[in-house]
Amino acid sequence: MIARIAEAETEGRLGEIEGLQVSLAGAEEKLRQVDAEQVSRHTATDLGIPAFRGIAGRGGTSPLLPR
């Protein structure tokens, strides 16, 4: 698209230059949005769920079963 803008500038097509610049700005913004979305998807979110070892205990007995 940058090459098309340069070509339009060389040939003096001002209306085409403006349209291509608007399109380029929109494409760049979309790429920023996609990049930001990918970063947020790869970020771990702490849900506050305890690890299994923290709730299972080590004694081998269940606190729910009678002794």
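Note that the stretch 1-40 shows a convex hull volume over its alpha carbon atoms of 40 Å³ per residue.
Site pair GLU16 and PHE52 shows an inter-label distance of 6.4 nm when each label is modelled 7 Å from Cα along Cα→Cβ.
Quick note: the coordinates plus some simple rules give every number you see, no bench work behind them. None of these values were measured; they are calculated from a predicted model. Don't worry about glycine lacking a Cβ; one is built from the backbone with ideal geometry, like all the others, and counts go over all protein chains shown.
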